[in-house]
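See below for the structure under consideration.
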Amino acid sequence: AQSVTQLGSHVSVSEGALVLLRCNYSSSVPPYLFWYVQYPNQGLQLLLKYTTGATLVKGINGFEAEFKKSETSFHLTKPSAHMSDAAEYFCAVSDIYGGSQGNLIFGKGTKLSVKP
Amino acid sequence: GAGVSQTPSNKVTEKGKYVELRCDPISGHTALYWYRQSLGQGPEFLIYFQGTGAADDSGLPNDRFFAVRPEGSVSTLKIQRTERGDSAVYLCASSLYNRDSTDTQYFGPGTRLTVL
């Protein structure tokens, strides 16, 4: 069965500092990997996704993530945090084939706070 | 263009009552998903529609939950004999094609259901 582990339910950084949100996954088949962001009272918005090809994926708002198969990781980074980045971030995985293909399996989320 | 919309945004009901939650997907999207997000958790898959049919309902927790999409557009999630444990945010997502593709799932803002 697939699963996603996000280390740290709450991460706090200073404005301008590096953002690193950790995600490890477990999957018996090659996965697709996603990062979504959720602002208060809004729906989940896709930041970036990995399907095939280049393992370093660039997304919106300056975020990027690298798929590392050997480490089963897909950590999200941003070089310099902005106050507007404060939100909750979810890592998700889906199978590329099989009975549950396409269904997103989410981690529990990491709430990012940005201090001025 | 218009995104995924969900109504109502908030629903408070009493234990044992029946509720209906509505999802309007993005126009032209054939795939529709329902997820449930409990407090402090990531969203969990409930059901997937391809067109009018429920192609995968493996995530529905029990037979009190049912969903329809009679014309392949709007979907309604129906919960009978609500229990306090059903309290959660119910999220709807749609994507352009079926789940064989790598299409992005676009999420609505959710319906917050509270069962007293």
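The values are calculated or read from the model by the stated rules, or taken from the named source; none is laboratory data. Here the structure is a predicted model, which means the values were calculated and not measured. Counting neighbours? That spans all protein chains shown, and the Cβs are built from the backbone with ideal geometry, glycine included.
Restricting the first member to segment A:59-83 and to residues that are touching a residue at least 12 places away in the same chain (Cβ under 8 Å), and the second to residues that are small (Gly, Ala, Ser) and buried (at least 18 other Cβ atoms within 10 Å of the Cβ), the beta-carbon pairs closer than 6 Å and six or more apart or on different chains are A:Phe74/A:Ala65; A:Leu76/A:Ala65.
Tell me, please, whether a residue that is facing chain A (nearest Cβ under 10 Å) and under 22 Å from A:Phe34 (Cβ atoms) can be found in segment B:70-88. Working first, answer last.
Let us first name the residues in segment B:70-88 that are facing chain A (nearest Cβ under 10 Å), namely none.
So far as segment B:70-88 goes, no, none of its residues is facing chain A (nearest Cβ under 10 Å) and under 22 Å from A:Phe34 (Cβ atoms).
Please specify each residue of segment B:9-31 satisfying the condition of being loosely packed, with under 14 Cβ neighbours inside 10 Å and within 14 Å of chain A (Cβ to nearest Cβ). Result: B:Ser9, B:Asn10. For segment B:99-116, a residue qualifies if it is under 18 Å from A:Leu46 (Cβ atoms) and either assigned to a strand (DSSP E or B) or not small (Gly, Ala, Ser) (or both), and the qualifying residues are B:Arg99, B:Thr102, B:Asp103, B:Thr104, B:Gln105, B:Tyr106, B:Phe107, B:Pro109. For segment A:6-26, the set of residues classified as more than 15 Å from A:Pro79 (Cα to Cα) and under 12 Å from the mean Cα position of the chain (by Cα) consists of A:Gln6, A:Leu7, A:Cys23, A:Asn24, A:Tyr25, listed by residue number. The set of residues in segment A:46-75 that are over 14 Å from A:Pro31 (Cβ atoms) and buried (at least 16 other Cβ atoms within 10 Å of the Cβ) comprises A:Leu46, A:Leu47, A:Leu48, A:Gly59, A:Phe63, A:Glu64, A:His75.
Applying a threshold of 6 Å to beta carbon distances and a minimum spacing of six or more residues, or different chains, the list of pairs starting in segment A:32-44 at a residue that is farther than 16 Å from A:Ser73 by Cα and within 8 Å of another protein chain (Cβ to nearest Cβ) and ending at one that is of a type outside the set (A, V, I, L, M, F, W, C) and assigned to a strand (DSSP E or B) reads A:Leu44/A:Tyr36; A:Leu44/A:Gln38.
Tally the residues that are hydroxyl-bearing (Ser, Thr, Tyr) and more than 11 Å from the chain's Cα centre (by Cα), restricting the search to segment B:55-85.
Qualifying residue count, segment B:55-85: 3.
Flag set for B:Tyr106, criterion: within 21 Å of A:Ser94 (Cα to Cα), surrounded by 14 or more Cβ atoms within 10 Å (Cβ to Cβ) and facing another protein chain (nearest Cβ under 10 Å). Scanning segment B:37-68 for residues that are closer than 23 Å to A:Val93 by Cβ, more than 11 Å from chain A (Cβ to nearest Cβ) and touching a Lys or Arg at 6+ places or on another chain (Cβ under 7 Å) yields one hit, B:Phe49.
With respect to the conditions (1) closer than 30 Å to A:His10 by Cβ; (2) surrounded by 15 or more Cβ atoms within 10 Å (Cβ to Cβ), B:Ile47 lacks only one, and its number is (1).
Of the listed requirements (1) modelled with pLDDT of 95 or more; (2) in contact with a Cys (Cβ under 9 Å, 6 or more places away or on another chain), B:Gly42 misses just one: (1).
A count restricted to segment B:55-88 and to residues that are surrounded by 18 or more Cβ atoms within 10 Å (Cβ to Cβ) and part of a strand (DSSP E or B) stands at 7. Scanning segment B:3-54 for residues that are assigned to a strand (DSSP E or B) and under 15 Å from the mean Cα position of the chain (by Cα) yields a count of 27. Considering segment A:34-116, the qualifying strands (runs of 3 or more DSSP E), each wholly inside and each with 1 or more residues that are farther than 24 Å from A:Ser14 by Cβ, run over A:44-50, A:56-58, A:64-68, A:73-78, A:87-95.
Each row is one residue, and each column tells you yes or no for (1) closer than 17 Å to B:Gln105 by Cα; (2) not polar (S, T, N, Q).
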{"position": "B:Glu14", "(1), (2)": "no, yes"}
{"position": "B:Gly28", "(1), (2)": "yes, yes"}
{"position": "B:Gly40", "(1), (2)": "no, yes"}
{"position": "B:Thr52", "(1), (2)": "no, no"}
{"position": "B:Asp57", "(1), (2)": "no, yes"}
{"position": "B:Pro61", "(1), (2)": "no, yes"}
{"position": "B:Val68", "(1), (2)": "no, yes"}
{"position": "B:Glu83", "(1), (2)": "no, yes"}
